1. Please give me the summed charge of the neighbours of residue A:20: other residues whose Cβ is under 15 Å from its Cβ, Lys and Arg +1, Asp and Glu -1.
2. Net charge near residue B:134: determine it from the other residues with C-beta under 12 Å of the C-beta of residue B:134, scoring Lys and Arg +1 and Asp and Glu -1.
3. Note the buried accessible area between A and B here, summed over both chains, with a 1.4 Å probe, in Å² to the nearest 100.
4. Quote the FRET efficiency, to the nearest 0.05, computed for residue B:327 versus residue B:129 with a Förster distance R0 of 25 Å and r equal to the Cβ-Cβ distance.
5. Please work out whether region B:15-187 counts as rounded, prolate or oblate from its C-alpha gyration tensor, where a ≥ b ≥ c are the square roots of the eigenvalues and a/c under 1.5 means rounded, while otherwise a/b larger than b/c means prolate and anything else oblate?
6. Can you figure out the FRET efficiency of residue B:58 with residue B:308, using R₀ = 35 Å and their beta-carbon distance, to the nearest 0.05?
7. So how far apart, in nm, are the two label points at residue B:204 and residue B:22 if each is 7 Å from Cα heading toward Cβ?
8. In whole Å, what is the distance between the alpha-carbon centres of region A:1-72 and region B:55-69?
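The values are calculated or read from the model by the stated rules, or taken from the named source; none is laboratory data. If you're wondering where the values come from, they're calculated on a predicted model, not measured in any experiment. Reconstructed Cβ throughout: ideal geometry from the backbone, glycine too, with neighbour counts over all protein chains shown. Please note that ligands, DNA and RNA were not included when accessible areas were found on the heavy atoms of the full protein model with its side chains. Shrake-Rupley method; radii C 1.70, N 1.55, O 1.52, S 1.80 Å.
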Amino acid sequence: MSPATLQNYLLVGAALFALGMVGFLTRRNMILMFLSAEMMLQGVAVNLVAFAKYRGDLGGQALVLFILAVAACEAAIALALILMLYKRRKSLDISAWQELREPDQEPVVDTEPLAAGEAGIDFQHLTPAGAAPARKDAEEVSHV
Amino acid sequence: MDFQVTVFAQAEAARGVWPFLKENGLLLAPPVLSFVALGVLLPRARRSAPLWGVLLAVFALILGAAVLVRTETVFVETLLFYAFAGLALGAGGMMIAQRNPVHAALSFALVVLSTCGLFLLQAAPFLMAATIIVYAGAIVVTFLFVIMLAHQGGASSADQSTREPVLASVAGCVLLASLVILLHRTYDTTPLDQLGAELKKVGDARDEAEVIKLLGDPKQTEFGKFTRPIVEKLREQFSAEGQDEIREEIEAFQKAWNFMNVPRITQKARLLHEAVLAKRQQQGSLALNEVPGKSKTPGHSAPGKLPAQNVAALGRTVFTDYLVPVLLAAVLLLVATIGAIVIAGRRSEELR
């Protein structure tokens, strides 16, 4: 493998890392912030695998295995934390936790906050399909 | 050990901003354009992303493929690299520009899948399988569950707007542009390629007329008029310590030309051509005198090549050289599991 090929892969890794960084800095949904951080890890993994090929040394691939292990741990912990935070504020918005800012910082305010029902997109709904199942009597069902 | 980092070893004279931009403008264009597009495309409240932002992003991606990516002759591999890399970067951009978090998570799955394609191209089939299983199979699906649980009331205002899209795009642009220039300086082999081509021509010359055509006649022209650029370039390339033998060869080449000793010229040119090729092969590696692939730790593969049996060799590496880290990773996984249960298992009443 030539240095030119190595450089191509390093460029892809760098671009993934930069994209993940921008996503982490801008997005307000906690889950998307976490996924952006995972994308940065993917960029690093591309780098490591490319170096492993270039140098003919499997150490790089072994390090990617460790990245996978750490990412799995991180996902478990982050999921638990996000669920706990969601239970308390009923929102995935990171701006709901502005009291964690530095004491001398002004709180960030939305310049154009959206009203409660005014969201740009509608979530998909399943179309009802088939006939509704016939309801049986409660006694008949409770044979457990 | 003689470490020399190429980028920092080249002391650079202080220059103005404009010469720098003029020299590197073409390199800087793709990152700058792509992050301008990204800054436009990031979601804002009550405004939909303009079409020209999408077009600009696509244009920046194509420009990057044309300017930054330097391909070799292996056709199928190059094609697959373009496909996977383009898919990964496009899906990455889509992920951070999506308003619907479910679509963003699915775009992230696409990023992971195309990255796995890149892994496969780089002779890492086990990692490809493991990454697909762990990321696309476990992490993304779990997070999709959480998104769907949390968004039962419909879209939230947090997903419809972003914090400081312009400033963040500038930060990302600065990061990527500096990395691009750094990589270009480290791995750019075009001067060596030109030098190698010239030396190869001289090495293949058959008679005196051909040598004179390529290098000039030492009797008629001004002293060293034609060989001097080659010799100067060679001296510049092989100026590091520990390369005295090659420097002697360069002087011998110059001397042979001065006396028009054709067999000696071609012999020395072939020798120097080989030296240039060897230098090109280890361009960008940290230790200058080290052959890429030659690992000092025992139990590793043959120099320069990964072993054919990827899973077996990776297992051997992981369970010999990296045994303690593997055990630590196992402990880490256990601790993380316990921690997740402790954090998430609390009742919500206890929290208040």
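1. Every neighbour counted, the sum reads -1.
2. -2
3. 8700
4. 0.65
5. oblate
6. 0.35
7. Each label point is offset 7 Å from its Cα along the Cβ direction, giving 3.6 nm.
8. 20
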